[in-house]
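A.B. asks: Sharing a structure here in structure tokens format.
The values are calculated or read from the model by the stated rules, or taken from the named source; none is laboratory data. Quick caveat: nothing in here was measured; it's all calculated off a predicted structure. Here Cβ is always computed from backbone atoms with ideal geometry, including for glycine, and neighbour counts include all displayed protein chains.
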């Protein structure tokens, strides 16, 4: 009669330290978004453009070796190996100004976008979940800001603040730019409020802050990212517009102030097209990068907009966007 040998350690409880901890809801949402971004062409294109401008803003001195503020070169020079985009009417290198101007523009976009998104989350998600007077009061403020023309309001507010700092401009952009995102997040939070997992959390006796930050927000990660990207895109254009018409610090170095000085120097009238085109093109590309990422996250968060591969009757695979028509029977 043979006896079975049981391997050592069999039947013993596994060591908890040897088991990987289960991923949290935030980690699962982040992993899902990362996989979706890698497979989305719009997201990949926008991320590449944003990465290029990010590198320019972090290490501008390694890319452009000339001093962007020095009046040390010939005036109104054309493009050359020494000056890739030529020089301004004041003798400043245009390429160096474009590279160094990326830093302030990116700071405005990212800081104002993050703060606007946080304010949108407070005003939208909290109001929807708490309900009652909180919802009515916060929603009233948001509705008032939605019906007021934003850019004229920006001009009126920022005209009363000093232009020597970025803080007034960022503060005004945050206050006037959060309302649209707050409406989106409030609508999504209202849809989630009666879901089973929130009911389970309430039955367990979880606090409201726990439910908002641990249960609701991780379920809205893609929408929150879309709100941030849309707000950042708007703030880039709005800040450049304010600086272009003279409501920024003229001594700062950004793409908006480059346009301001190009207009004052009559760049287009004197055939110095690159002085105006280069910063304008950078603003357009940065806005396009945020827009592409915004569209991509909208597709990621909305299954009705995802591209689904179907097999047509001839056996070839085709891709159709949006609300996919039902596949015809063969």
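A.B. asks: Among residues belonging to segment 174-196 that are loosely packed, with under 14 Cβ neighbours inside 10 Å and at pLDDT below 80, point out the one that is farthest from the chain's Cα centre (by Cα).
C.D. replies: The extreme case among them is 196.
A.B. asks: Checking the structure you have, find out if any residue of segment 55-66 is modelled with pLDDT under 80, within 30 Å of residue 229 (Cβ to Cβ) and either in contact with a helix residue (DSSP H, G or I) (Cβ under 9 Å, 6 or more places away or on another chain) or surrounded by 14 or more Cβ atoms within 10 Å (Cβ to Cβ) (or both).
C.D. replies: Taking every residue of segment 55-66 in turn, none turns out to be modelled with pLDDT under 80, within 30 Å of residue 229 (Cβ to Cβ) and either in contact with a helix residue (DSSP H, G or I) (Cβ under 9 Å, 6 or more places away or on another chain) or surrounded by 14 or more Cβ atoms within 10 Å (Cβ to Cβ) (or both).
A.B. asks: Under 19 Å from the mean Cα position of the chain (by Cα), over 17 Å from residue 212 (Cβ atoms) and without any contact (Cβ under 8 Å) to a residue 60 or more places away in the chain: does that describe residue 171?
C.D. replies: Considered against the rule, which asks whether it is under 19 Å from the mean Cα position of the chain (by Cα), over 17 Å from residue 212 (Cβ atoms) and without any contact (Cβ under 8 Å) to a residue 60 or more places away in the chain, residue 171 comes out as yes.
A.B. asks: Of all residues being under 32 Å from the mean Cα position of the chain (by Cα) and modelled with pLDDT of 85 or more in segment 69-85, which is nearest to residue 286 (Cα to Cα)? Just the residue, please.
C.D. replies: Only one residue fits best here, namely 85.
A.B. asks: Right, another one. Could you say whether any residue in segment 230-247 is crowded, with 19+ Cβ neighbours inside 10 Å, over 30 Å from residue 299 (Cβ atoms), touching a helix residue (DSSP H, G or I) at 6+ places or on another chain (Cβ under 9 Å) and modelled with pLDDT under 85? Step through it out loud before you land on a result.
C.D. replies: Step one: list which residues in segment 230-247 are crowded, with 19+ Cβ neighbours inside 10 Å, which gives 230-236, 238-240, 242-244, 247.
Add one more test, that the residue is over 30 Å from residue 299 (Cβ atoms), and what stays is 242-244, 247.
Filter once more, keeping what is touching a helix residue (DSSP H, G or I) at 6+ places or on another chain (Cβ under 9 Å): 242-244, 247.
Next, from what is left, pick out any that are modelled with pLDDT under 85: 247.
Yes: one or more hits.
A.B. asks: Still on this structure: Is it true that residue 261 is surrounded by fewer than 22 Cβ atoms within 10 Å (Cβ to Cβ) and either at pLDDT 90 or above or under 23 Å from residue 160 (Cα atoms) (or both)?
C.D. replies: Considered against the rule, which asks whether it is surrounded by fewer than 22 Cβ atoms within 10 Å (Cβ to Cβ) and either at pLDDT 90 or above or under 23 Å from residue 160 (Cα atoms) (or both), residue 261 comes out as yes.
A.B. asks: Among the candidates 119, 110, 138, which residue alone is more than 17 Å from residue 287 (Cβ to Cβ), under 15 Å from the mean Cα position of the chain (by Cα) and in contact (Cβ under 8 Å) with a residue 12 or more places away in the chain?
C.D. replies: 119
A.B. asks: Run residue 165 past the list (1) assigned to a loop (DSSP other than H, G, I, E, B); (2) closer than 26 Å to residue 54 by Cβ; (3) without any contact (Cβ under 8 Å) to a residue 12 or more places away in the chain and report the number of the one that doesn't hold.
C.D. replies: (3)
A.B. asks: Also, quick follow-up: What is the one condition in (1) surrounded by 19 or more Cβ atoms within 10 Å (Cβ to Cβ); (2) in contact (Cβ under 8 Å) with a residue 40 or more places away in the chain that residue 218 does not satisfy?
C.D. replies: The number of the failed condition is (1).
A.B. asks: For segment 77-85, check the following and say yes or no: at least one residue is under 30 Å from residue 272 (Cα atoms), surrounded by fewer than 16 Cβ atoms within 10 Å (Cβ to Cβ) and touching a helix residue (DSSP H, G or I) at 6+ places or on another chain (Cβ under 9 Å). Break it down stepwise before answering.
C.D. replies: Kept after step one, since they are under 30 Å from residue 272 (Cα atoms), are these residues of segment 77-85: 77-85.
Still in the list and also surrounded by fewer than 16 Cβ atoms within 10 Å (Cβ to Cβ): 78-82.
From what's left, touching a helix residue (DSSP H, G or I) at 6+ places or on another chain (Cβ under 9 Å): 78-79.
Yes, the conditions are met somewhere in segment 77-85.
A.B. asks: Could you tell me how many of the residues in segment 186-229 are touching a helix residue (DSSP H, G or I) at 6+ places or on another chain (Cβ under 9 Å) and outside any helix (DSSP H, G or I)?
C.D. replies: Residues flagged as touching a helix residue (DSSP H, G or I) at 6+ places or on another chain (Cβ under 9 Å) and outside any helix (DSSP H, G or I) within segment 186-229 amount to 4.
A.B. asks: Take segment 264-293 and flag every residue that is surrounded by fewer than 22 Cβ atoms within 10 Å (Cβ to Cβ) and not in a helix (DSSP H, G or I).
C.D. replies: 265, 266, 268, 269, 270, 271
A.B. asks: Return yes or no: is residue 143 loosely packed, with under 15 Cβ neighbours inside 10 Å and either over 30 Å from residue 278 (Cα atoms) or touching a residue at least 24 places away in the same chain (Cβ under 8 Å) (or both)?
C.D. replies: yes
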